[in-house]
Each structure stands twice: as C-alpha cells, then as structure tokens.
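This report concerns only the one structure given below.
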Amino acid sequence: MPTLRPLLSCLLTATACMMPPTGAALIQQTAQQFNFDTRFGRMEMAVEQVSPRYLEKFQERHRYWGGSVHITDAEMTGMKMKGEEDADVSVRVAWYRAAEGDLRTTIVRQRWHRFRSGWLLDGEERADGDVGALGEAVDILEPETPTKSAQFPTVRLGND
C-alpha cells in the first residue's frame with residue numbers, strides 16, 4: 001500500500017494541471033485566439049467569438065480586412081476585468097492599405113461579455129492611433145502628378 005500513495009498523488013496532481021482555464025485566464029485565451037484569427041484573415045473562425053447583437057456591425061467594420069486592408073500584427077496590450085462578466089481588452093493593430101503601403105498603427109478597445117456559451121466580443125472602438133482600420137470613412141488624397149518629368153533628359157553619345 002505505501003507505493004500506491006505516491007501514484008495516487010501523481011494522478012491527482014496531473015488531473016489538477018489539466019483543468020480548463022477560468023475567469024480572467026479564459027477571457028485572455030479567448031481574446032488572444034480571436035485576434036490571432038483576425039490577423040490572419042480567418043474571419044469565419046473569428047465571427048464565432050462575436051456576440052449576435054454585435055455581429056452585423058463587426059462584419060461591416062472588418063469587411064476590408066484581408067482585402068484592401070492588410071493586418072501585419074495584432075497584439076494584446078492590456079486587459080481589465082469589469083466584474084465577473086465583462087472585460088475590456090486593448091489590442092495594438094499594425095496595418096496598411098494595399099494601395100498605399102504605409103504602415104499604420106491603431107489601438108482598438110474591445111468589449112467582451114461572458115454569455116452562457118462563453119466569452120464573446122460585444123463591441124469595439126478605436127482608442128488611439130490611425131483612423132481607418134475599423135472601416136471609418138477616410139479621404140485618401142492622391143499626390144499631384146508632375147506636369148513634366150523630374151528626370152534629366154537622356155543623352156546618348158555616338159548614336160545619331
């Protein structure tokens with residue numbers, strides 16, 4: 001019997017280590033996976049983590065992601081629990097418009113709520129940084145084209 005005690009203790013410890021995350025750890029894990037999916041354009045997987053009441057607005061705000069707006073990075077920068085069922089998550093999104101190529105950064109504040117089915121994104125807003133990542137209307141100014149060439153004329157020697 002003495003050899004059975006260490007075995008039983010190891011089994012109980014291993015079982016305790018395999019417990020699923022709860023509370024703040026669960027929202028952190030859910031938000032990280034959600035932002036990972038949106039970064040790589042897996043919107044069909046990301047929408048599974050969006051609440052039904054925010055889904056239409058989410059799809060409208062992210063309709064250009066993966067198309068004319070490319071996401072290069074999405075990194076969680078902070079999380080604040082607001083009671084047991086609400087949390088705010090800050091995400092730094094690095095992105096660029098395919099037509100321009102200028103790297104931009106936007107801080108997005110995501111509002112998460114715990115429903116019966118689990119944590120779901122329930123709203124988001126731009127907290128800081130560049131405008132345009134969340135589908136905001138932006139006037140894109142085209143540079144004026146020069147009226148004459150900015151290059152010196154080509155001079156060839158020896159050819160008539």
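The values are calculated or read from the model by the stated rules, or taken from the named source; none is laboratory data. Everything numeric in this text was worked out from a predicted model, so none of it was measured. Neighbour counts are summed over all protein chains in view; Cβ atoms, including those assigned to glycine, are modelled from backbone coordinates with ideal geometry.
Brief remarks on what is shown
- Of all residues in segment 24-41, those being free of Cβ contacts under 8 Å to residues at least 12 places away in the same chain and among the small types (Gly, Ala, Ser) number 1.
- Single unsatisfied condition, MET43 versus (1) modelled with pLDDT under 90; (2) among the hydrophobic types (A, V, I, L, M, F, W, C); (3) under 23 Å from GLY118 (Cβ atoms): (1)
- Qualifying positions in segment 92-110 - more than 13 Å from the chain's Cα centre (by Cα) and either surrounded by 14 or more Cβ atoms within 10 Å (Cβ to Cβ) or free of Cβ contacts under 8 Å to residues at least 40 places away in the same chain (or both): TYR96, ARG97, ALA98, GLY101, ASP102, LEU103, ARG104
- Test: residue in segment 77-86 that is within 19 Å of ARG126 (Cα to Cα), surrounded by 12 or more Cβ atoms within 10 Å (Cβ to Cβ) and among the small types (Gly, Ala, Ser): no
- Long-range neighbours under 7 Å by Cβ, at least six apart or interchain, first residue more than 13 Å from GLU136 (Cα to Cα) and in contact (Cβ under 8 Å) with a residue 12 or more places away in the chain within segment 42-68, second β-branched (Val, Ile, Thr) and surrounded by 13 or more Cβ atoms within 10 Å (Cβ to Cβ): ALA46/THR38; GLN49/THR30
- All positions within segment 34-48 that are buried (at least 20 other Cβ atoms within 10 Å of the Cβ) and under 16 Å from ARG109 (Cα atoms): PHE34, ASN35, THR38, ARG39
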